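See below for the structure under consideration.
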Amino acid sequence: KAGVTQTPRYLIKTRGQQVTLSCSPISGHRSVSWYQQTPGQGLQFLFEYFSETQRNKGNFPGRFSGRQFSNSRSEMNVSTLELGDSALYLCASRETGGGVEEQYFGPGTRLTVT
Amino acid sequence: QQQVKQSPQSLIVQKGGISIINCAYENTAFDYFPWYQQFPGKGPALLIAIRPDVSEKKEGRFTISFNKSAKQFSLHIMDSQPGDSATYFCAASMAAAGNKLTFGGGTRVLVKP
């Protein structure tokens, strides 16, 4: 099976702009989670989607949003970008999101805000 | 609130040596403890995981030791190889919180040949 794919891999945006990142989970996986990785804050949970519904949300401002499509692909959007949003954004998928299931991460999208 | 504390931040070990990374957690509701390995430019890859009803789990050269009463768990990498040079993250999750992963701060391991 192909792994989790994320596009684009690299992105440079200007402060105040908005950005959309895409994630395609492993085939058959219905749960998609997003994480932000920065040198200062480490890996932090953003939100999780399952069956097109947001099931869980981390402590991030409303500028961070996401959605999931019927084919389980997910997008996350960051509006009004700030310099501090520069980070590696990781997507992780698992089969159903219930119980103890392994989460598999994609390679991430490196976002730089200037 | 940092719920999972990881130490050390960095580690240098000779080839063939043992790398030991420790993590401590605060929330006793955590019920799943995975370890991830991350190489530069890559996403974290699941290495090994343990549930709190087990005190030790071994997979190849990687062993997790779990101490429920002390709320601590550790990763041992036996016979460390240069290819093991990476950043390692411990994490914890709980079913009651939707199984979101709470990560430790990471340990950068360098294995010298």
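Every number here is computed from the coordinates shown, using simple stated rules; none is lab data. Being a predicted model, the structure only gives us computed values, none of them experimental. Cβ placement follows ideal geometry from the backbone for every residue including glycine, while neighbour counts extend to all protein chains displayed.
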For the protein assembly as shown, using Cα atoms only, the Rg and Dmax in Å read 17.5, 50
Ranked by GNM mean-square fluctuation in chain B (Cα springs under 10 Å), the top entry among B:Lys71, B:Lys100, B:Lys15 is B:Lys100
Any trypsin sites (Lys or Arg not before Pro) in the range A:18-114 that lie in a DSSP loop and have at most 13 other Cβ atoms within 10 Å would be A:Arg63
Rh (Kirkwood, all Cα-Cα pairs) for the range A:12-77, Å, reads 12.7 Å
Once the in-chain neighbours fewer than 8 apart are removed, the aspartates and glutamates whose Cα is under 19 Å from B:Lys71 read B:Glu26, B:Asp31, B:Asp53, B:Glu56
Counting all Cα-Cα pairs in the range B:31-92, those more than 19 Å apart amount in percent to 29 percent
Per DSSP, the loop-located GluC sites (Glu not before Pro) within the range B:25-103 having at most 14 other beta carbons within 10 Å are B:Glu26
Dimensionless Rg/Rh of chain B, both radii on Cα and Rh by Kirkwood, sits at 0.96
Per the Cα gyration tensor, chain A corresponds to an equivalent ellipsoid with semi-axes, largest first in Å, of 23, 14, 13
